[in-house]
Amino acid sequence: MRALTFRIFALVMLAALPARAFDTNARAAWVYDVATGTVLMEKNADEPLPPASMSKLMTVYMLFEALKEGRLQLDTRLPVSTKARQMQGSTMFLNEQDRPTVEELIKGIIVLSGNDACVVVAEGLAGTEEAFARQMTERGKALGLTNSTFANASGWPDPRHRMSVHDLGVLAQHLVQDFPEYYKNFAIEEWRFDNRAPANRHNRNPLLGLGIGADGLKTGHTQEAGYGLVGSAIQGDRRVIFVISGLPSDKARAEESERIVSWAYRQFTMRTIVPKGEIVAEAPVWLGKKGKIGLTTEDGVKVLIPAGAQSGITAEAVFKGPIEAPITAGDKLGDLLVDIPGAGQSRLPLYASVDVPRAGVIGRLQSAAFRLGERAYQSVMN
């Protein structure tokens with residue numbers, strides 16, 4: 001078998017200037033287009049930094065997972081320990097007599113950023129916050145969070161508690177995709193718990209309610225971390241997830257967040273270049289009942305075109321061939337390499353479009369004879 005490359009297409013577009021680069025004042029930033037899997041901008045994206053309350057997203061993920069697996073129900077009530085009641089900073093003002101429901105705790109963490117609620121969840125799921133933090137770190141690695149370690153459930157300052165903005169973005173994407181039934185909680189702008197903290201009833205996400213499609217996720221602030229936000233907005237078929245950290249004020253965070261969303265949607269246009277189900281290439285088959293098999297992507301191919309891209313998009317199918325039968329529809333057989341001027345290269349898996357059973361004895365002999373003849377011809381030509 002040898003590596004084979006086939007030029008599939010070249011799309012030429014009229015152009016002017018490449019997309020305007022985005023310069024951010026944040027210490028670290030990561031901007032991602034979900035539909036196309038494109039990183040639009042990154043700055044110090046893999047540096048482990050103090051995440052402050054943005055790391056509460058990992059606590060929320062663990063809680064959503066427990067709900068999905070049936071270990072908890074929305075109406076399950078959890079006890080409040082003295083440790084939880086003594087938590088400082090932003091809280092729900094819980095006390096040891098309370099038995100908040102899981103649904104209340106979800107809103108308490110997401111809307112009110114309750115540190116006490118995080119401890120209640122941690123102790124309810126793992127017995128102690130320390131054990132829960134170890135589980136957070138372990139589960140984070142399984143989710144692909146390569147620069148994250150957790151020391152607590154709330155994001156309280158601790159030198160062992162670190163996340164990169166890239167990891168926070170990956171976690172946000174998991175929350176959006178893995179738990180659509182619970183994700184809607186991130187868009188709640190205001191929520192009261194027993195009217196205990198009327199001054200702490202508003203979601204701190206500065207983008208909610210601006211009419212730009214923002215629907216999540218979590219702010220964070222400590223003296224060491226500065227002001228940060230894990231944000232997400234959806235407009236039409238495009239969702240953009242972004243993370244910023246290390247800004248000097250909540251005003252700067254709000255302005256930078258809105259500026260990022262505007263830039264991401266105004267400086268890039270999404271195009272479908274391969275419709276879902278379309279065969280993008282054919283690969284030769286060895287010892288099969290068919291001599292060729294169609295290669296297709298899972299969901300088609302959508303790409304972002306930078307504003308005023310100067311030249312064409314090209315795509316190449318790369319695979320090792322001929323491919324030996326039997327082949328099952330859905331088998332990964334190669335990759336589609338898409339080059340976008342001004343945006344780099346994307347690699348998407350190519351799958352078998354149909355089953356190709358192994359040929360019978362006579363068919364295999366015919367294939368072998370043909371293959372030997374082909375090799376002999378190539379040897380003579382070389």
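The values are calculated or read from the model by the stated rules, or taken from the named source; none is laboratory data. Owing to the predicted nature of the structure, the values given are computational and were not obtained by experimental measurement. Here Cβ is always computed from backbone atoms with ideal geometry, including for glycine, and neighbour counts include all displayed protein chains.
Working only within the range 121-160, note down all residues that are among the basic types (Lys, Arg) and in contact with a Ser or Thr (Cβ under 7 Å, 6 or more places away or on another chain).
Start the filter on the range 121-160 by keeping residues that are among the basic types (Lys, Arg), which leaves 134, 139, 141, 160.
Arg160, the sole residue that qualifies.
Quick check on my filter: what residues within the range 69-86 are in a loop (DSSP other than H, G, I, E, B) and not aliphatic (A, V, I, L, M)? Before the answer, list the steps.
First, the residues of the range 69-86 that are in a loop (DSSP other than H, G, I, E, B): 69-76, 78-81, 86.
Scanning the range 69-86 gives Glu69, Gly70, Arg71, Gln73, Asp75, Thr76, Pro79, Ser81, Gln86.
Looking at the range 329-361 only, could you name the residues that are of a type outside the set (A, V, I, L, M, F, W, C), at pLDDT below 80 and outside any strand (DSSP E or B)?
The answer is Pro341, Gly342, Gly360.
Check Ser154 against each of (1) over 30 Å from Ala199 (Cα atoms); (2) part of a loop (DSSP other than H, G, I, E, B); (3) within 24 Å of the chain's Cα centre (by Cα) and name the one condition it does not meet.
Exception for Ser154: condition (1).
What about Asn205, is it polar (S, T, N, Q), farther than 29 Å from Asp33 by Cβ and assigned to a loop (DSSP other than H, G, I, E, B)?
Working: polar (S, T, N, Q): yes; farther than 29 Å from Asp33 by Cβ: no; assigned to a loop (DSSP other than H, G, I, E, B): yes.
Answer is no for this residue.
Filter the range 76-94 down to the residues that are within 15 Å of Glu123 (Cα to Cα) and without any contact (Cβ under 8 Å) to a residue 60 or more places away in the chain and list them by number.
Going residue by residue through the range 76-94, those that are within 15 Å of Glu123 (Cα to Cα) are 76-87, 94.
Those that are within 15 Å of Glu123 (Cα to Cα) and without any contact (Cβ under 8 Å) to a residue 60 or more places away in the chain: Thr76, Arg77, Leu78, Pro79, Val80, Ser81, Thr82, Lys83, Ala84, Arg85, Gln86, Leu94.
I'm checking my understanding of the structure. Among residues of the range 107-132 that are of a type in the set (Gly, Ala, Ser) and surrounded by fewer than 24 Cβ atoms within 10 Å (Cβ to Cβ), which one is nearest to Arg204 (Cα to Cα)?
Applying the filter and picking the extreme gives Gly124.
Do we find that Asn205 is of a type outside the set (A, V, I, L, M, F, W, C) and either in contact with a helix residue (DSSP H, G or I) (Cβ under 7 Å, 6 or more places away or on another chain) or surrounded by 20 or more Cβ atoms within 10 Å (Cβ to Cβ) (or both) in this structure? Before you say what the answer is, go through the steps one by one.
Numbers: of a type outside the set (A, V, I, L, M, F, W, C): yes; either in contact with a helix residue (DSSP H, G or I) (Cβ under 7 Å, 6 or more places away or on another chain) or surrounded by 20 or more Cβ atoms within 10 Å (Cβ to Cβ) (or both): yes.
Answer is yes for this residue.
What tally of residues in the range 34-68 results from selecting those that are part of a strand (DSSP E or B) and charged (D, E, K, R)? I'd like the intermediate steps shown before the answer.
Within the range 34-68, the first condition is being part of a strand (DSSP E or B), and the residues that meet it are 38-43, 49.
This time we only want the ones that are charged (D, E, K, R), so: 42-43.
Qualifying residue count for the region: 2.
Just wondering, is there one or more residues in the range 172-187 that are touching a strand residue (DSSP E or B) at 6+ places or on another chain (Cβ under 6 Å), in a strand (DSSP E or B) and surrounded by fewer than 22 Cβ atoms within 10 Å (Cβ to Cβ)?
Within the range 172-187 (the criterion being touching a strand residue (DSSP E or B) at 6+ places or on another chain (Cβ under 6 Å), in a strand (DSSP E or B) and surrounded by fewer than 22 Cβ atoms within 10 Å (Cβ to Cβ)), the answer is no, since none of the residues qualifies.
Step by step: first the residues of the range 90-99, then only those that are under 28 Å from Phe179 (Cα atoms) and surrounded by fewer than 24 Cβ atoms within 10 Å (Cβ to Cβ), then the one that is farthest from the chain's Cα centre (by Cα). Which residue is that? Before you say what the answer is, go through the steps one by one.
Looking only at the range 90-99, we keep the residues that are under 28 Å from Phe179 (Cα atoms), and these are 90-94, 98-99.
Next, from what is left, pick out any that are surrounded by fewer than 24 Cβ atoms within 10 Å (Cβ to Cβ): 90, 93, 98-99.
Details: Ser90: 28, Phe93: 33, Asp98: 36, Arg99: 34 Å.
Within the range 90-99, the match that is farthest from the chain's Cα centre (by Cα) is Asp98.
Need the failing condition index for Asp299 against (1) in a loop (DSSP other than H, G, I, E, B); (2) surrounded by 19 or more Cβ atoms within 10 Å (Cβ to Cβ), just the number.
(2)
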